[in-house]
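Asker: Sharing a structure with you now.
The values are calculated or read from the model by the stated rules, or taken from the named source; none is laboratory data. None of these values were measured; they are calculated from a predicted model. Note: ideal-geometry Cβ built from the backbone for every residue, glycine included; neighbour counts use all protein chains shown. Please note that ligands, DNA and RNA were not included when accessible areas were found on the heavy atoms of the full protein model with its side chains. Shrake-Rupley method; radii C 1.70, N 1.55, O 1.52, S 1.80 Å.
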Amino acid sequence: MTPRSRTRAARRTACAAALLLAVTALPTTATAATADTSHIEGQLPSGATYMMDVPADWNGTVLLFSHGYTQAGSPNPAQNASDAATKALLLAKGYALIGSSYATTGWAVTDAVPDQLATLSAFTDRFGTARRTLAWGRSYGGLVTTAIAERDADRVDGSLSLCGLVHGGVANWNNTLDPVFALKSLLAPGSDVPLTDLPDQAAATDAANALTAVVDSAQSTATGRARIALAAALHNIPVWNQPTQPRPAETDWDAQQANQYEAVKGLLKIAAFNRRQEAEVRAGGNMSWNTGVDYAKLLGKSSVRKEVTELYKKAGLSLKADLATLNRAPRISADPDAVAWMSRTSSFTGELTKPQLSVHTIGDALVPVQTESALRRAVTAAGSSGLLRQAYVDNAGHCTFSPAEQLAALHTLEDRLTTGRWHGTDPESLNSRATATDPSTPTRYVPY
């Protein structure tokens, strides 16, 4: 694969590292989490820890949970559910919940997949073979889950991705490069802020702070706000992207941009530099590029292009001229070996052999909902479209699902496995099922 073959669809291979079958580095311990649940913790030979919660009235289904991205240097405990409320509901319904910490933090797919499978082996050794095994995960854990679904389908019966990076690693880092390239080119063209090939975390932090300061200054002018909106559009950052934000009116361009401005700063602080640097170290170089990209065409495909057009008009600024500036700006090339590593470990072919349900909030700024179209294209090209269904929740934020919405998705996947056909994947059916499962939390599935 070369940068010339770039596609946002990310139809590339995800490979899982070798499975660790021995699970005895340290003694496991078992304590009663409740009178009706066995809580077990242990450690794998890789150094990863694992957690298991098994109800006394286990229903025979084990849910293998893959957690999201953990920043290097942050605590890295084992996790076996998306949140406490959903965990309580699942245990009450008799599901066994298991998951590992992964042996390393950061872009840890080559550790995460074998650690998750080793945790599943440890569960089987202790409790016997499950009647049904489902992989599920959120955010980066959705990428790990999809890797398991493609490469280790013999270990699971189906998979559920929540707000996942289902476009894969190559597309993720390309999509992260575009907005910062636009910000630097249009707001700080003389700056020496590095966008790739970051030598260490200190350099990444310095770069993030420098570009954030530029964005903060630009936000005070109409010209700057229009250009920030353009950068946001290249990442498909939605105009309502946090539950705490007011949902702007359809033509309230200023309110829409104000919401995006906060998300752009979050992207700079979270993924664009520090997480990129850690991933570059694993890949052995820069794994993203924008050679050959036509930014006018890219904007034309954006979900928020109308807002950008209106803000440029309001600022008296030529959008055509700025797009030409972007297209003339010196481009960034990728390291072919780094691209190959990211493609091999973290991208997807779409070749499903077991059912997968992928769910996304429509107001996700960190992993925009448009990533789901990349998964759909890959699965369709691979001839596996009958195994995939996708559903969308009308909420702002990354992974902001209610417990009811998560259980509705799980039960829909289970029905597919039981009957051999998809039933009730439309929003009305999902909402009805969610309300029946947990009437105390929101149900917001919508067509999208």
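Asker: Give me the angle, in degrees from 0 to 90, between the Cα long axis of helix 427-437 and the longest principal axis of the Cα atoms of the chain, rounded to the nearest 10.
Answerer: Long axis of 427-437 versus the principal axis of the chain: about 50 degrees.
Asker: When ligands, DNA and RNA are left out and all protein chains stay put, how many square angstrom of accessible area per residue does the chain have with a 1.4 Å probe?
Answerer: 37
Asker: Please turn the phi angles of the range 166-171 into ³J(HN,Hα) values with the Karplus equation 6.51 cos²θ - 1.76 cosθ + 1.60 (θ = phi - 60°), one per residue in order, whole Hz, x for glycine and proline.
Answerer: Going residue by residue, I get 7, 7, x, x, 4, 5 Hz, with x marking Gly and Pro.
Asker: So if each residue of separation counts as 0.36 nm, and I subtract the Cα-Cα distance between Thr380 and Ala84, what length gain in nm does that give?
Answerer: On the way: separation 296, 0.36 × 296 = 106.56 nm, distance 3.54 nm.
Working it through step by step, the gained length comes to 103.0 nm.
Asker: What fraction of the Cα pairs in the range 153-219, stated in percent, has a spacing above 18 angstrom? Walk me through the numbers on the way to the answer.
Answerer: Working: 1178 of 2211 pairs.
Roughly 53 percent, once rounded to a whole number.
Asker: Continuing with this model, one more query. Jot down the per residue volume, in cubic angstrom and as a whole number, of the convex hull over the alpha-carbon atoms of the chain. Display every interim value, and only then the final one.
Answerer: Values: hull volume 59.7 nm³, N = 448.
Here the figure is 133 Å³ per residue.
Asker: For the range 169-342, how big is the tail of P(r) above 27 Å, as a whole percent of Cα pairs? The partial results should precede the final answer.
Answerer: Values: 3327 of 15051 pairs.
When every Cα pair of the range 169-342 is considered, 22 percent fall beyond 27 Å.
Asker: A further question follows. Would you calculate a helix-derived [θ] at 222 nm for the chain, using -39,500 (n - 2.57) for each DSSP H run of n ≥ 4 and dividing by the full residue count, to the nearest 500? Don't skip to the end; give the middle numbers.
Answerer: Numbers: 15 runs with 193 residues, N = 448.
After summing the helix terms and dividing by residue count, I get -13500 deg cm²/dmol.
Asker: Give me the angle, in degrees from 0 to 90, between the Cα long axis of helix 140-151 and the longest principal axis of the Cα atoms of the chain, rounded to the nearest 10.
Answerer: 60
Asker: How big is the antiparallel share of DSSP beta bridges in the chain, given as a percent to the nearest 5? All intermediate terms of the calculation are to be shown ahead of the outcome.
Answerer: Working: 19 of 45 bridges.
Around 40 percent antiparallel, to the nearest 5.
Asker: Can you tell which of Ala213, Thr86, Asn236 lies farthest toward the positive end of the dipole of the chain, using +1 and -1 charges on the Cβ of basic and acidic side chains (Lys, Arg; Asp, Glu)?
Answerer: Asn236
Asker: Once both axes come from the Cα atoms, what is the angle between helix 319-328 and the longest principal axis of the chain, in degrees from 0 to 90, rounded to 10?
Answerer: Orientation of helix 319-328: about 80 degrees from the principal axis.
Asker: With an 8 Å Cα cut-off and a minimum separation of 6 or more residues, compute the relative contact order for the chain in percent. Display every interim value, and only then the final one.
Answerer: Values: 982 pairs, mean separation 82.2, N = 448.
So the answer I get is 18 percent.
Asker: Can you give the FRET efficiency to the nearest 0.05 for Thr353 and His423, using r as the Cβ-Cβ distance and R₀ = 30 Å?
Answerer: Working: r = 20 Å, r/R0 = 0.68.
So, using R0 = 30 Å, E works out to roughly 0.90.
Asker: Measure off, as a whole percent, the carbon and sulfur share of the 1.4 Å-probe accessible area of the chain, all protein chains present. Please list the in-between numbers first.
Answerer: Working: 8760 of 16690 Å².
Here carbon and sulfur together make up 53 percent of the probe-accessible area.
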